[in-house]
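See below for the structure under consideration.
Computed from the coordinates by the stated procedures, all read-outs in this text should not be read as laboratory data. Quick caveat: nothing in here was measured; it's all calculated off a predicted structure. We place every Cβ from the backbone using ideal geometry, glycine too, and count neighbours over all the protein chains shown.
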Amino acid sequence: MARRALITGITGQDGSYLTELLLGKGYHVHGVVRRSSVFTTERIDHLYQDRHETDVRLHLHYGDLLDATGLHRLMTETQPDEVYNLAAQSHVRTSFDQPVYTAEVVAVGTLKLLEAVRDYRDLSGRAVRFYQASSSEMYGSNSQAPQSERTPFHPRSPYACAKVHAYWQTINHREAYGLFACNGILFNHESPRRGETFVTRKITRAATRIKLGLQNALYLGNLDAKRDWGFAGDYVEAMWLMLQQDEPDDFVVATGQCHSVREFLDEAFGCLDLDWRRYVRFDARYLRPTEVNLLQGDAAKARERLAWRPTVTMAELCRMMVDADLRLAQRERALVDAGHPIDVPYETLESGSIPPPSPKAASQPVAASK
Ligand code: NAP
Ligand code: GDD
């Protein structure tokens, strides 16, 4: 019988790549989608099948990590063999603006899901495996690099503190209740589907719009931070591999290479024969009260036990993102040239585009913190 997976955060970057991977392996995939007044399924629309078709293997359900009752019901209804907890308020800077909400979703939400998984296993007698999306942000100010499974955590944001809580709850469910539960400690991973307010995508989106005359400046914060950037498509493979092992364990997933934001700017603008120094401006709003200066992972354990390896370098990743965003910018350019107003995200408008932000867009409070 086909295996069944339940994915929280299916509408996010990683959720979309993991869904592709699992459908390709013949799984039935059940995804948890938050109710919203607008469509949020853009990243998985290409995978969606109308429920009236035959052999439908992608099933979407409304749910929220804040809703424990709903999570219990979803476990019973979907009867998954594997649960991937990818849902999160995942923006570090935003977590300083919304610390309690972030903790409720990331920390307590994970605990609610773990409890739903445990109860389901105990009541149904079925085996179930659990993956927790832990983060390299948990290392925080511990700049002893490269960071491995043995490196102590020193979280530097409400987001990272919440992830540390979820990490230990996952381990405690393994040790206290014998749950097959794994933490993937993933370092930064990006793609053309990356949210537009994370620094890599913000840069590739802006550089390509600048190239086509749709924008004239890009506002950023700390250019000296260093990150270990890999490709999201590679990283979801590691998530799946963790749940296929004989014993549950925790693994760092990283490329082992790290680069500064400045170097990523060099690479992205360089792909377009532009000099970023002409366009990039500093905006203190993008600084964090406490910064994580250096993340560089040691994924030796994943290499040895999972036979996992990254396949995309930072330069290749950057090129992939620039190419995709250039196609997006070309579509915008065609609309502008045809006399149609374009609907660009506020973040892009805020970065000095033409035309200037409307009063409505300027009043959106969330934009100030990205
Ligand atoms: P993402 O693109 O921000 O996606 C987050 C997902 O969580 C979205 O589907 C979002 O739904 C959903 N979500 C948010 N709050 C929720 C709630 N209360 N209940 C249910 N769903 C909720 O994040 P990502 O980059 O794919 O990352 C996936 C996971 O890995 C996250 O937990 C993140 O913290 C963690 N992580 C990411 C990285 C990275 O570099 N990407 C590295 C380490 C760990 P909407 O679409 O409705 O917003
Ligand atoms: N977002 C953003 N916007 N970051 C900026 C900017 C800016 O304008 N200017 C400089 N940066 C710097 C940040 O200060 C940070 O040091 C670095 O760029 C990366 O920022 P993000 O891309 O927002 O990612 P992150 O490292 O904070 O968090 C991501 O990776 C974590 C894993 O380490 C997120 O995906 C988290 O969910 C994930 O856990």
Of all DSSP beta bridges having both residues in the chain, the percent classed as antiparallel (nearest 5) is 10 percent
Checked against the positive end of the charge dipole of the chain (+1 on Cβ of Lys and Arg, -1 on Cβ of Asp and Glu, about the Cα centre), the farthest of L179, L21, A103 is A103
On the formula 1/(1 + (r/R0)^6), with r taken between the Cβ atoms of N293 and N172 and R0 of 35 Å, the FRET efficiency rounded to 0.05 is 0.70
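So what is the relative contact order for the chain, in percent, with contacts set as C-alpha pairs under 8 Å and at least six apart?
Contact order relative to length: 17 percent.
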Cβ-Cβ cut-off under 11 Å around Y62, Lys and Arg +1, Asp and Glu -1: the net charge is +1
When the charge dipole of segment 121-215 is computed with +1 on Lys and Arg Cβ and -1 on Asp and Glu Cβ about the Cα centre, the Cα farthest towards its positive end, among S141, Q169, T200, belongs to T200
If every Lys and Arg gets +1 and every Asp and Glu gets -1 at its Cβ, then about the Cα centre the chain yields a dipole, in debye to the nearest 20, of 460 debye
Distance in Å, no decimals, from the C-alpha centre of segment 207-259 to the one of segment 80-135 is 21 Å
For Q147, the residues 5 or more places away or on another chain with a placed amide H closer than 5 Å to its own amide H are Q296, G297, D298
Given pairs K202/K301; K226/K301; K25/K226; K25/K301; K163/K301 and cut-off 29 Å on Cα-Cα distance, the over-length ones are K202/K301; K25/K226
So, with points 7 Å from each Cα along the Cβ direction, the Q330-S143 label distance in nm works out to 4.2 nm
Descending packing, highest mean Cβ count within 10 Å first, for 61-68, 26-33 is 26-33, 61-68
Here the relative contact order (percent) of segment 109-214, from C-alpha pairs under 8 Å and at least 6 apart, is 28 percent
Magnitude of the Cβ-charge dipole (Lys and Arg +1, Asp and Glu -1) of segment 67-175 about the Cα centre, nearest 20 debye, reported as 200 debye
Going from the fewest other Cβ atoms within 10 Å to the most, one would list V253, V199 as V199, V253
Counting sequence-distant residues (5 or more places) and residues on other chains, those with an amide H built under 5 Å from that of H154 are Y139, G140, S141, N142
Given a Förster distance of 56 Å, the FRET efficiency implied by the Cβ-Cβ spacing of A284 and Q79, rounded to the nearest 0.05, works out to 0.65
